[in-house]
Amino acid sequence: MARNIQSLERAAAMLRLLAGGERRLGLSDIASSLGLAKGTAHGILRTLQQEGFVEQDEASGRYQLGAELLRLGTTYLDVHELRARALVWTDDLARSSGESVYLGVLHQQGVLIVHHVFRPDDSRQVLEIGAMQPLHSTALGKVLSAYDPVAHSEAIEADRKAFTDRTMCELDGFEHILDVTRARGYAADVEETWEGVAGVAAPIHDRRRMPVGAVGITGAVERLCRDGELRPELIAAVRDCARAVSRDLGAGRF
C-alpha cells in the first residue's frame, strides 16, 4: 500500500483549518491546532502562499485562503454546473444523431472531456471522461480555440503535432480555420486527429456570454459524412444542443 506524503497531508489540513472557523488565523494558532512546530507550519504556509493558495494579511500577519484556491473552486463549480445542465441535451443528441457525444472544457493546453454519452447501439465502447484531446485538430478543440481567447493563445503557443496528413499545423492555415469556425458557428474534424473518424462541435456560452465549453459528436467518417462533407442534419443537431445548454446556463438566445 502506498504511503501518504506527510507534507501534503499537513498542507491539506491547513487549508481545511483556514476554510472553517475564523476567517484569519495566526501562525501560532495554526501550529497549535495541527500539533506542528512553528517552523514546520511556517514553511508549509510559505509554500502555499507562493502558490497563491494562502494569503497573509500585512497588518495582522494572519493567514487566510488565497485567491488561487478560490479560483480553482469556482472552476470546479462551473464545470459541475455545465455537466448538470448538459445531461438531458447530450442524451437527446446521442439518440437523434446515433453517435457518441462529448462535452469538453479547456484544461492545460488541451480539451478535457468532462462528459461522454455512448453511441446508442450495442457496440463495445470505452468511457472517455477525463481523457484529453488536442486543441488544434479536434472539433471540440477548434471550437474552444475560436471562441476562448485563453484557448486560442494556448493553441498558438503549443506544438501543433500532425496526427494525420490532414492535420493543419501551419499557423496561418490554423487561424483561417478558426475564422471559418467563428463565421459558421461550428468546427469540423474529418480525419485530422484519427484516421477514419470525423467530428463536429459547437460552443457553449454562460450567462455572461462567455465560452465555457464545447459539445460535439464523433464517429466513423462514413456515418458522419456524405459526399465528403459533414451531414447538415448532424451539424444542425449539434448546434441545437449547444444552444440549448447555453440557454440553460442563462446565455439567452444565440
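Give me the helices (runs of 4 or more DSSP H) completely within region 55-171, filtered to those with at least 2 residues that are hydrophobic (A, V, I, L, M, F, W, C) and within 27 Å of Glu222 (Cα to Cα), ordered by residue number.
On the way: elements: 67-97, 139-147, 149-157.
Per the criteria, 67-97, 139-147.
Do the conditions hold for Val190, that is, is it open to solvent by less than 50 Å² (accessible area, probe 1.4 Å), in contact with a Cys (Cβ under 9 Å, 6 or more places away or on another chain), under 22 Å from Ser96 (Cα atoms) and in contact (Cβ under 8 Å) with a residue 40 or more places away in the chain? Please lay out each step first, then the result.
Working: open to solvent by less than 50 Å² (accessible area, probe 1.4 Å): yes; in contact with a Cys (Cβ under 9 Å, 6 or more places away or on another chain): yes; under 22 Å from Ser96 (Cα atoms): yes; in contact (Cβ under 8 Å) with a residue 40 or more places away in the chain: yes.
Yes, satisfied.
Can you report the number of residues in region 198-231 which are under 18 Å from His116 (Cβ atoms) and in contact with a Gly (Cβ under 7 Å, 6 or more places away or on another chain)?
Selection size over region 198-231: 12.
Take the residues of region 2-56 that are at positive phi and at pLDDT below 90: which is surrounded by the fewest Cβ atoms within 10 Å (Cβ to Cβ)?
First pass over region 2-56, keeping only residues at positive phi: 21, 35, 52.
So of that shortlist, the ones also at pLDDT below 90 come out as 21, 52.
On the way: Gly21: 9, Gly52: 14.
Residue satisfying both the conditions and the ranking: Gly21.
Which of the following residues is modelled with pLDDT under 90 and either open to solvent by less than 80 Å² (accessible area, probe 1.4 Å) or under 22 Å from the mean Cα position of the chain (by Cα) (or both): Glu68, Glu99?
Numbers: Glu99 fails: modelled with pLDDT under 90.
The unique qualifying residue is Glu68.
Just to be sure I understand, how many residues within region 222-246 are touching a Lys or Arg at 6+ places or on another chain (Cβ under 7 Å), surrounded by fewer than 19 Cβ atoms within 10 Å (Cβ to Cβ) and closer than 27 Å to Asp78 by Cβ?
Going through region 222-246, the residues touching a Lys or Arg at 6+ places or on another chain (Cβ under 7 Å) turn out to be 224-225, 245.
Subset that is surrounded by fewer than 19 Cβ atoms within 10 Å (Cβ to Cβ): 225.
Within this subset, residues satisfying the condition of being closer than 27 Å to Asp78 by Cβ are none.
Looking only at that region, the number is 0.
Would you check if Ile217 is of a type outside the set (Asp, Glu) and either farther than 25 Å from Ala94 by Cα or open to solvent by 50 Å² or more (accessible area, probe 1.4 Å) (or both)? Please lay out each step first, then the result.
On the way: of a type outside the set (Asp, Glu): yes; either farther than 25 Å from Ala94 by Cα or open to solvent by 50 Å² or more (accessible area, probe 1.4 Å) (or both): no.
When the stated conditions are applied, Ile217 does not pass them.
For region 117-138, give me each residue that is open to solvent by 10 Å² or more (accessible area, probe 1.4 Å) and either of a type in the set (A, V, I, L, M) or under 23 Å from Lys161 (Cβ atoms) (or both).
Filtering region 117-138 down to residues open to solvent by 10 Å² or more (accessible area, probe 1.4 Å) leaves 117-134, 136.
Scanning region 117-138 gives Val117, Val126, Leu127, Glu128, Ile129, Gly130, Ala131, Met132, Gln133, Pro134, His136.
Please find, among Leu178, Leu112, the residue that is surrounded by 15 or more Cβ atoms within 10 Å (Cβ to Cβ) and modelled with pLDDT under 95. Reasoning before the result, please.
Working: Leu178 fails: modelled with pLDDT under 95.
Testing whether each residue is surrounded by 15 or more Cβ atoms within 10 Å (Cβ to Cβ) and modelled with pLDDT under 95 leaves just Leu112.
When you look at Glu157, is it among the charged types (D, E, K, R) and either surrounded by fewer than 17 Cβ atoms within 10 Å (Cβ to Cβ) or at positive phi (or both), yes or no?
On the way: among the charged types (D, E, K, R): yes; either surrounded by fewer than 17 Cβ atoms within 10 Å (Cβ to Cβ) or at positive phi (or both): yes.
For Glu157, the condition - among the charged types (D, E, K, R) and either surrounded by fewer than 17 Cβ atoms within 10 Å (Cβ to Cβ) or at positive phi (or both) - is met.
The values are calculated or read from the model by the stated rules, or taken from the named source; none is laboratory data. Just so we're clear, the structure is a prediction, and the values are computed from it rather than from any experiment. No Cβ is skipped: glycine too gets one built from the backbone with ideal geometry, and neighbour counts run over all protein chains shown. These area figures cover heavy atoms from the full protein model, side chains too; ligands, DNA and RNA do not enter into them. Shrake-Rupley method; radii C 1.70, N 1.55, O 1.52, S 1.80 Å.
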